[in-house]
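Trainee: Please read through the structure below; I'll follow up with questions.
The values are calculated or read from the model by the stated rules, or taken from the named source; none is laboratory data. Predicted model, so just to flag it, every value in this text is computed and none were measured. All Cβ positions, glycine included, derive from the backbone under ideal geometry; neighbour counts span all protein chains shown.
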Amino acid sequence: MGAQSVMVPYVQTADEAAAAVHAMRYGPLGMRGMAGMTRATRYGKIDDYFDVAEDELCLIVQVETLTGLQNLDAIAGTDGVDAVFIGPADLSASMALRGQMDHPDVDTAVSNAIKRLVDMGVPAGVMALDPDVADRYLALGASFVAVAVDLVVLADAVSNIRNRFT
């Protein structure tokens, strides 16, 4: 289909990061298929599609466990990894604090990961549904922060309407 940006969840080691790079890159750097008659190539009408596309690919790996954080430098330093997204929900579970994304230990782990990535010059992303937390992560240097989930926004809107009229 020609996906340019791919986010791979639950990466815990540099080997897993390298496997993600290999899966999304065209040969000789990877094993991604070269089907030339797809919508992405305008059905074969873009002559240099694969060369141009290779330069425009973006791989974001998600680090969501304590093991991933222990290996963060190696993961982020893997050639072909363009950014790292920290997943606080799964990280909280990995820390035996399931669902406690606002727990100080989880927040500290996320904050430290963002700082490490910034120091490495690797774009850092994170999920932060609390606007104050999102602002804090942005102030630490996060490059991108997911601040809403479409289904949560929809459910909240429906709940507000229901509460108003019941």
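Trainee: Give the residues of the stretch 122-156 that are under 21 Å from Ala83 (Cβ atoms) and without any contact (Cβ under 8 Å) to a residue 12 or more places away in the chain, sorted by residue number.
Mentor: Those that are under 21 Å from Ala83 (Cβ atoms) and without any contact (Cβ under 8 Å) to a residue 12 or more places away in the chain: Asp135, Leu138, Ala139.
Trainee: Sticking with this structure for a sec: Which of the residues spanning the stretch 90-102 are surrounded by 15 or more Cβ atoms within 10 Å (Cβ to Cβ) and either in contact with a Ser or Thr (Cβ under 7 Å, 6 or more places away or on another chain) or outside any loop (DSSP other than H, G, I, E, B) (or both)?
Mentor: Correct list: Asp90, Leu91, Ser92, Ala93, Ser94, Gln100, Met101.
Trainee: Checking Ser111 against (1) touching a Ser or Thr at 6+ places or on another chain (Cβ under 7 Å); (2) surrounded by 15 or more Cβ atoms within 10 Å (Cβ to Cβ); (3) under 22 Å from Arg136 (Cα atoms): exactly one of these is not met. Which one?
Mentor: For Ser111, the failing item is (1).
Trainee: I'm trying to understand the selection: among the residues of the stretch 131-157, which are within 22 Å of Leu66 (Cβ to Cβ) and either more than 16 Å from the chain's Cα centre (by Cα) or part of a helix (DSSP H, G or I) (or both)?
Mentor: Answer for the stretch 131-157, where residues must be within 22 Å of Leu66 (Cβ to Cβ) and either more than 16 Å from the chain's Cα centre (by Cα) or part of a helix (DSSP H, G or I) (or both): Val133, Arg136, Tyr137, Leu140.
Trainee: Same structure, new question: Just to be sure, is Asp119 surrounded by 10 or more Cβ atoms within 10 Å (Cβ to Cβ), free of Cβ contacts under 8 Å to residues at least 24 places away in the same chain, within 19 Å of the chain's Cα centre (by Cα) and farther than 14 Å from Pro88 by Cα?
Mentor: In short, yes.
Trainee: A follow-up question, please. Determine whether the stretch 78-88 contains at least one residue that is on the phi < 0 side of the Ramachandran plot, among the charged types (D, E, K, R) and not in a loop (DSSP other than H, G, I, E, B).
Mentor: No: zero hits.
Trainee: Continuing with the same structure: When you scan the stretch 15-24, do you find a residue that is over 25 Å from Val126 (Cα atoms), small (Gly, Ala, Ser), free of Cβ contacts under 8 Å to residues at least 40 places away in the same chain and surrounded by 14 or more Cβ atoms within 10 Å (Cβ to Cβ), even just one?
Mentor: no
Trainee: Would you say Ala53 is surrounded by 13 or more Cβ atoms within 10 Å (Cβ to Cβ) and either closer than 18 Å to Leu129 by Cα or free of Cβ contacts under 8 Å to residues at least 60 places away in the same chain (or both)?
Mentor: Here the answer is yes, as Ala53 does meet what is asked.
Trainee: Moving to a separate point now. If the requirement is being over 15 Å from Ser5 (Cα atoms) and either in contact (Cβ under 8 Å) with a residue 24 or more places away in the chain or acidic (Asp, Glu) (or both), which of these qualifies: Gly44, Gly68, Gly33?
Mentor: When all the criteria are applied, what remains is Gly68.
Trainee: For the stretch 132-154, what are the residues that are over 21 Å from Met7 (Cα atoms), surrounded by fewer than 16 Cβ atoms within 10 Å (Cβ to Cβ) and at pLDDT 95 or above?
Mentor: Matches in the stretch 132-154: Asp132, Asp135, Ala139, Leu154.
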